[in-house]
Amino acid sequence: MKPPEGGIWNVPVDPAYQQHDPNTDIAKILDLFDAAFCYLLLSIEKTWQVQPGSTIRDDLVNKNIWGLMESILKPLAKWLVQTPAKAEDPNGPTVGPRFEFYHFETGPGGIPKALNQLQDLTKSISGTGFSGWNKVKSAIDDMASIEGI
């Protein structure tokens, strides 16, 4: 789908206030976007805690940070800004990404299981109207599992 004339999508001023049934494709993709965005922030934070030049730091930058921005957040955001917020109003406002905080659960000993939860959220959008599912799943599968995130 091409952007509307003028190149500006009709997204709401604050997409966070839009309410969507949690069982809809839109809600599942919004949750995945929010989780991926928060995982990006965790990866950036972890990058500054790791010794420069280390394999872990390289993985954080190349697999996590780059992968999240280019192969996960970008296609999800594109889908969201092109998707009408209400099916009955295809020319009305679109959904738009929320950039909301996503709370990742912790496992035994308080160790975060963020990557596992991100993988589970990715599985939940299989079969939705999102055509980039395989690309997103592949990028998440390629991400580095880093202790502490």
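Once you have the alpha carbon radius of gyration of the chain, what is it after dividing by 2.2 N^0.38 Å, with N set to its residue count?
On the way: Rg = 16.3 Å, N = 149, 2.2 N^0.38 = 14.7 Å.
For the chain, the normalised Cα radius of gyration is 1.11.
For Thr94, which sequence-distant residues (separation of 5 or more, or a different chain) have an amide H within less than 5 Å of its own amide H, given hydrogens modelled in the peptide plane?
Asn10, Val11, Ala85
Can you give the FRET efficiency to the nearest 0.05 for Leu41 and Asp120, using r as the Cβ-Cβ distance and R₀ = 22 Å? Before the final figure, lay out each step's value.
Details: r = 19 Å, r/R0 = 0.87.
Computed FRET efficiency for Leu41 and Asp120 comes out at 0.70.
Count charges around Ile26 for me, please; just the other residues with Cβ under 12 Å from its Cβ, Lys/Arg as +1, Asp/Glu as -1. Present the calculation step by step, with values, prior to reporting the outcome.
Working: positive: Lys28, Lys86, Arg98; negative: Asp21, Asp25, Asp31.
Result for the local shell: 0.
What part of the accessible area of the chain, given as a whole %, is carbon or sulfur when the probe is 1.4 angstrom?
Working: 4710 of 8740 Å².
Reported share for carbon and sulfur atoms: 54 percent.
Against the longest alpha carbon principal axis of the chain, how many degrees, from 0 to 90 and to the nearest 10, is the axis of helix 114-124 turned?
30
If you take every residue apart from Asp141 with its C-beta less than 13 Å away from the C-beta of Asp141, what net charge results, scoring Lys and Arg +1 and Asp and Glu -1?
Neighbour charge sum, excluding Asp141 itself: +2.
Please compute the per residue accessible area over segment 13-149 with all protein chains in place, 1.4 Å probe, rounded to a whole number of Å². Numbers along the way, then the final one.
Working: 7620 Å² over 137 residues.
Result: 56 Å² per residue.
Once you compute Rg and the Kirkwood Rh from C-alpha atoms, what is the Rg to Rh ratio for segment 75-149?
Reported Rg/Rh (Cα atoms, Kirkwood Rh): 1.06.
Run the reach check for Lys137 against aspartates and glutamates, Cα to Cα strictly under 17 Å, same-chain hits fewer than 8 apart removed. What comes back?
Result set, ordered by chain and number: Asp25, Asp31, Asp34, Glu70, Asp120.
Past 30 Å, Cα to Cα: identify those pairs from Lys86/Lys113; Lys78/Lys123; Lys28/Lys63, in the order given. Could the numbers behind the result be given before it?
Values: Lys86/Lys113 34 Å; Lys78/Lys123 19 Å; Lys28/Lys63 24 Å.
Going by Cα-Cα distance, Lys86/Lys113 fall outside the 30 Å limit.
Does anyone have the angle between helix 25-47 and the longest principal axis of the chain? Alpha-carbon axes, 0 to 90°, nearest 10?
It works out to around 30 degrees.
Return the distance in nm (one decimal) between the two label points of a simple spin-label model at Glu70 and Asp21, each offset 7 Å from Cα along Cα→Cβ.
About 3.9 nm separates the two model spin labels.
Rounded to the nearest 0.05, what FRET efficiency do Asn134 and Glu105 give with R0 = 30 Å and r taken as the Cβ-Cβ distance? Could you check?
Numbers: r = 26 Å, r/R0 = 0.88.
Between Asn134 and Glu105 the formula returns 0.70.
Rounded to a whole number of µm²/s, how large is the Stokes-Einstein D of segment 9-59 at 37 °C and 0.692 mPa s, given Rh as the Kirkwood radius over C-alpha pairs?
Reported coefficient: 243 µm²/s.
Using the beta-carbon distance between Glu5 and Trp48 and R0 = 35 Å, what value does 1/(1 + (r/R0)^6) give for FRET efficiency, to the nearest 0.05? Each step should come with its number before you reach the end.
Values: r = 43 Å, r/R0 = 1.22.
Result of the calculation: an efficiency of 0.25.
The values are calculated or read from the model by the stated rules, or taken from the named source; none is laboratory data. Since the structure is predicted, the reported quantities are computational estimates derived from the model, not experimental observations. Note that each Cβ is placed from the backbone with ideal geometry, even for glycine, and that neighbours are counted across all protein chains shown. We work out accessible area using only protein heavy atoms, side chains counted, and drop any ligands, DNA or RNA first. Shrake-Rupley method; radii C 1.70, N 1.55, O 1.52, S 1.80 Å.
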